[in-house]
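The values are calculated or read from the model by the stated rules, or taken from the named source; none is laboratory data. These numbers come from a predicted model, not from an experiment. All Cβ positions, glycine included, derive from the backbone under ideal geometry; neighbour counts span all protein chains shown. Just so you know, the surface numbers come from the protein's heavy atoms only, side chains and all, with ligands and any DNA or RNA stripped out. Shrake-Rupley method; radii C 1.70, N 1.55, O 1.52, S 1.80 Å.
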Amino acid sequence: MNPYIAIARPDHWFKNVFMLLGVLLAWFYWAYRPQTEASFSVVRILWGLAAVCLVASSNYVLNEILDAPSDRHHPNKRTRPIPSGQVRLALAYAEWLLLGAVGLGMAWTLHRLFFLSAGLLWLMGLVYNVPPIRAKEWPYLDVLVESVNNPLRLFLGWFTVIEREVPPLSLVVAYWMAGAFFMASKRFAEYRTIANPEQAGAYRASFRYYTEDKLLISMFFYATAAALFLGIFIIRYHLELVLSVPLIAGFFSYYLRIALRPNSPVQHPERLYREYGLLAYSLVCMAVFIGLMFVRIGVLYEWFNVPGPQTPPLWRW
């Protein structure tokens, strides 16, 4: 059973921690608008998280199946269970369908918008992996399509708590662009590690177009776009969050520094929890961001000439 468990990539479930921002954002939204219908049941949140993990694993299995021919050209991925012949394809396809059906069935028991978001997450796995679209073979589109899973996880976290309203679009787009930065960093690190354009192109078709310079420029674009839309969210909803911007900019810089290492660990985002400095820094950023959500600093509104929010703060400074 081990190869069949491995292709479901349970070690990648760590990525679903990105749902937590959706839960926290829903909590913040409810705290400022108590009339909003919300349910903060721990069981409900864990049930939703389990559903998303199964849907994501369904996508991982399909990815492993369809990537096997190209993975044989990768110095490390050639040892995966399918390229190395440890898995029967018929059983792998059955696993893909079963995981997707169970995950979506669990999502259906919550409510319609959560189910639709989970369905979109599963559908994006098809768009990303299955011909004739197979977005992962197209330069830039490969990054944008895969990173759309970030805002979908934001929606899924939000919809485990709030059923009838949607999160701010500006933050959703910022989350998408931040995910695109991380994914482009992964591509950049992979390309540098392979260090052979012909072998890289055989492993991934988009690498026939990419160069280190093009990937680095795209990373700059995604980081800038994320900052722009985050700024819109801050000005529109809670100006105090502007104080977290230097820390967030530092996080992007820290991540880029790691991406520039030889054989960089950003090739395997699910293992980045072993980067203790990055993990500690990200926890500090999160703590400051969350703390500022519940603070009012009146003088900032005067300095930036921005009208104050209409809702009362939980704490005043």
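Between Gly250, Gly22, Gly103, find the one with the highest GNM mean-square fluctuation for the chain; connect C-alpha pairs within less than 10 Å.
Maximum fluctuation in the GNM of the chain, among the listed residues, is at Gly250.
Please return the longest range in the chain lying between exposed loop sites, taking trypsin sites (Lys or Arg not before Pro), DSSP loop only, at most 13 other beta-carbon atoms within 10 Å, and leaving the sites out.
165-317
Rounded to the nearest 500, what is the chain's calculated 222 nm mean residue ellipticity when only DSSP H runs of at least 4 contribute -39500 (n - 2.57) each, over all residues?
Theoretical 222 nm ellipticity from helices: -21500 deg cm²/dmol.
Might you report the magnitude of the Cβ-based charge dipole of the stretch 123-257 about its Cα centre, with Lys and Arg at +1 and Asp and Glu at -1, to the nearest 20 debye?
Result for the stretch 123-257 is approximately 140 debye, rounded to the nearest 20.
In Å², what does the accessible area per residue of the chain work out to with a 1.4 Å probe?
49
Along the charge dipole of the stretch 111-246, which of Phe182, Leu216, Leu113 sits closest to the positive end, that is, farthest toward it, with unit charges on the beta carbon of Lys, Arg, Asp and Glu (+1, +1, -1, -1)?
Sorting the options by dipole projection puts first Leu113.
Between the alpha-carbon centers of the stretch 57-116 and the stretch 254-314, tell me the distance in whole angstrom.
Their Cα centres are 32 Å away from one another.
Determine ³J(HN,Hα), in whole Hz, for all residues of the stretch 39-47 in sequence, where each value follows from phi through the Karplus function 6.51 cos²θ - 1.76 cosθ + 1.60 and θ = phi - 60°; x replaces Gly and Pro.
Result, ordered by residue: 9, 9, 5, 4, 4, 4, 5, 5, 4 Hz.
Relative contact order for the stretch 55-134: what percent, with Cα pairs under 8 Å and sequence separation of 6 or more?
It comes to 40 percent, rounded to a whole number.
Return the carbon/sulfur percentage of the accessible area of the stretch 210-317, one whole number, probe 1.4 Å, all protein chains in place.
69
Any idea what the dipole of the chain comes to, in debye rounded to 20, about its Cα centre with Lys/Arg Cβ at +1 and Asp/Glu Cβ at -1?
260
Taking all protein chains as present, what is the carbon and sulfur share of the accessible area of the stretch 24-135, in % to the nearest whole number, probe 1.4 Å?
That fraction is 71 percent.
Determine, from the Cβ-Cβ distance of Arg261 and Asn305 and an R0 of 35 Å, the FRET efficiency 1/(1 + (r/R0)^6), rounded to the nearest 0.05.
0.25
Please list, in order along the stretch 9-20, the HN-Hα scalar couplings obtained from phi with the Karplus expression 6.51 cos²θ - 1.76 cosθ + 1.60 (θ = phi - 60°), rounded to whole Hz, x for Gly and Pro.
With coefficients 6.51, -1.76 and 1.60, one gets 6, x, 5, 8, 4, 4, 4, 6, 4, 5, 5, 4 Hz.
Mind listing the phi-derived Karplus ³J(HN,Hα) values for the stretch 281-297, rounded to whole Hz, using 6.51, -1.76 and 1.60 with θ = phi - 60°, and x for any glycine or proline?
Along the stretch 281-297, the couplings run 5, 5, 5, 5, 4, 5, 4, 5, 4, 5, x, 5, 4, 10, 10, 10, 10 Hz.
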